[in-house]
Amino acid sequence: MRQRRLMPSLVLVLFCLLLFIPLLMGCPGAEGNVAKKLNAEPEISVYFHETKKTERMSIEEYLLGVVAGEMRPDWPVEAYAAQAIVARTFTMDFIATGGTKEEHNTDISTDETEAQAYNADAITPEIRRAVRETKGEVMTYRGRYVKGWFSASCGGQTALAKDGLAYKE
């Protein structure tokens, strides 16, 4: 019962963090990190590290597996929506700055040590709804994708992005 009362608070905190931290910190980035207005949904190449195969899919299809991989299956749709926006922003920035071209000759990988967690088997109707309702939404600041770092699990202790992700700015 206590968890049910905490869930709305958790969603509100996550939402506030997603909105206000980038505004307070600013988000300068690499030259490739320029957000572009797209006329069509991007199709991306994804390296599946489990099978060592590459597949082309829409970014929205890829995000279904990312949201499912990064979050628990019983969270509110609003939390999934926030995660979809952050994950989409991360994906677009990741691809704009080189992706996994050097490693796999693809845009991105399902290996969470290279990009984001991915679990297509855990996609729920709520995750589908959240990704669909936020389709195309990304976070930008001054024309660049926001570095909206997120973590599915911190092991009880968080770290600065510069410590855990080799982020220098």
Inset, instruction - Kindly provide the set of residues from segment 92-104 that are among the polar types (S, T, N, Q) and touching a strand residue (DSSP E or B) at 6+ places or on another chain (Cβ under 8 Å), ordered by number. - result: 100
Inset, instruction - Would you be able to say whether some residue in segment 94-104 is more than 19 Å from residue 49 (Cα to Cα) and touching a residue at least 12 places away in the same chain (Cβ under 8 Å)? - result: yes
Inset, instruction - Considering each of 50, 102 in turn, give the residue that is part of a loop (DSSP other than H, G, I, E, B) and surrounded by fewer than 20 Cβ atoms within 10 Å (Cβ to Cβ). - result: 50
Legend entry - Unmet requirement for residue 73, which otherwise passes all of (1) out of contact with any Ser or Thr (no Cβ under 8 Å at 6 or more places or on another chain); (2) farther than 29 Å from residue 104 by Cα; (3) modelled with pLDDT of 60 or more: (1)
Inset, instruction - Only residues in segment 53-68 that are touching a residue at least 24 places away in the same chain (Cβ under 8 Å) and among the hydroxyl-bearing types (Ser, Thr, Tyr) count as the first member; pair them with residues that are surrounded by 14 or more Cβ atoms within 10 Å (Cβ to Cβ) and in a strand (DSSP E or B), Cβ under 9 angstrom, at least 6 apart or cross-chain, and list the lot. - result: 54/45; 54/46; 54/47; 54/48; 54/106; 62/44; 62/46; 62/108
Legend entry - Every residue from segment 68-82 that is farther than 12 Å from residue 117 by Cα, assigned to a helix (DSSP H, G or I) and either in contact with a Phe, Trp or Tyr (Cβ under 8 Å, 6 or more places away or on another chain) or among the aromatic types (Phe, Trp, Tyr) (or both): 78, 80, 82
Inset, instruction - Answer with yes or no whether residue 56 is surrounded by fewer than 22 Cβ atoms within 10 Å (Cβ to Cβ) and modelled with pLDDT of 95 or more. - result: yes
Legend entry - Which numbered condition residue 88 fails, given (1) in a helix (DSSP H, G or I); (2) more than 20 Å from residue 147 (Cβ to Cβ); (3) among the charged types (D, E, K, R): (2)
Legend entry - Within segment 107-131, considering residues that are surrounded by fewer than 19 Cβ atoms within 10 Å (Cβ to Cβ) and in contact (Cβ under 8 Å) with a residue 60 or more places away in the chain, the one nearest to residue 51 (Cα to Cα): 111
Legend entry - Index of the failed condition, residue 130 passing every other in (1) in a helix (DSSP H, G or I); (2) modelled with pLDDT of 95 or more; (3) under 19 Å from residue 40 (Cα atoms); (4) of a type outside the set (Phe, Trp, Tyr): (3)
Inset, instruction - Scan segment 83-97 and give yes if some residue there is closer than 13 Å to residue 62 by Cα, surrounded by fewer than 19 Cβ atoms within 10 Å (Cβ to Cβ) and of a type in the set (D, E, K, R), otherwise no. - result: no
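The values are calculated or read from the model by the stated rules, or taken from the named source; none is laboratory data. None of the values given here were measured: they were computed from a predicted structure. Because the Cβ atoms are built from the backbone with ideal geometry, glycine has one as well, and the counts that use them run over all protein chains shown.
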